[in-house]
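These notes concern the structure reproduced below.
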Amino acid sequence: MQLKDTNHLITGGSSGIGKATAELLIAKGARVAITGRDPMKLARVAEAMGAHAIHADVAKESDVKRTYVEFLERFERLDGLVNNAGIGGGWAPIDELNMEAMRQVYDVNVFGAAMMGQEAAAIFKKQNSGCLINIASTAALKGYAKGTVYSSSKWALRGMTQCWQADLRPHNVAVTLVNPSEVATAFGAENREERTAAHNKLRSEEIAHAIVAAMEMDPRGFIPELAVFATNPW
């Protein structure tokens, strides 16, 4: 896709990977809307980068539908969705699982991503084109102790991505799963402040580069899935 003058929607775009991706897309001449749950932070970040802010929670169906109404009223066409919004939580061994915590994580990481993808897919099918990027995690590739809740939510997103690829390939829609390894962001931080990466650790910029590179591929091909690891984090 040639990104100049295209229109993109990024969930969870006020910090971390979403923010870095929005900044890179805008630098390449694209128009971008970002969503987020903190209205003040969202407005501040959007204004600074030149994006359009849509205050919304992907876990709420009414917010998802309103997001697309507002986006299309402003931009008229959707060329790409980056399903980036995600949360952690519920870290516990199997015998100590909290079902309410699990539901909260699934509401965002699975059901929220599904609702956003559903709306985007309907638009893409009408256009006979589009690009959908789901942001999962290397936790979608291998489980780990106390990771039942988070890891399984990303495995679910991985499975959904593969189903969407089969659904949407006949409509010229590229669907890609990106699996970041550990990245220094605000993810998991109670104060939601960005962490600073060590010199050998991944930053949001590396993941944004991978996302945008996948989007820039000629539409005749697409990358089904890619993982991004730090080269030497030890």
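Any read-out appearing in this document is the output of simple, stated calculations on the displayed coordinates, not a laboratory observation. Worth saying up front: this structure is predicted, and the values here are computed from it rather than measured. Here the Cβ is made from the backbone with ideal geometry for all residues, glycine too, and neighbour counts use every protein chain on show.
Annotation note: trypsin sites (Lys or Arg not before Pro) in the stretch 57-127 located in DSSP loop regions with a Cβ neighbour count of at most 14 within 10 Å are R77.
How big is Rg to Rh over the stretch 38-102, alpha-carbon atoms, Rh as the Kirkwood inverse-mean-distance radius? Can you show the working numbers first?
Values: Rg = 16.1 Å, Rh = 14.5 Å.
Result: Rg/Rh = 1.11.
The three principal axes of the C-alpha atoms in the stretch 105-234 carry coordinate ranges of 44, 30, 27 Å, sorted with the longest axis first.
Rg and Dmax of the chain, based on Cα coordinates, read 16.7, 51 Å.
Mean residue ellipticity, 222 nm, helices only, the chain: the sum of -39500 (n - 2.57) across DSSP H runs of n ≥ 4, divided by residue count and rounded to 500, is -13000 deg cm²/dmol.
Sorted by average packing, counted as other Cβ atoms within 10 angstrom per residue and highest first, what order do 80-87, 149-156 take?
80-87, 149-156
Over 28 Å between C-alpha atoms is what I'm after, so list which of K41/K142; K146/K201; K4/K60 land there. With Cα atoms farther than 28 Å apart: K41/K142; K4/K60. Between E182 and I94, the modelled label-to-label distance comes to 2.5 nm, taking each label 7 Å out from Cα in the direction of the beta carbon.
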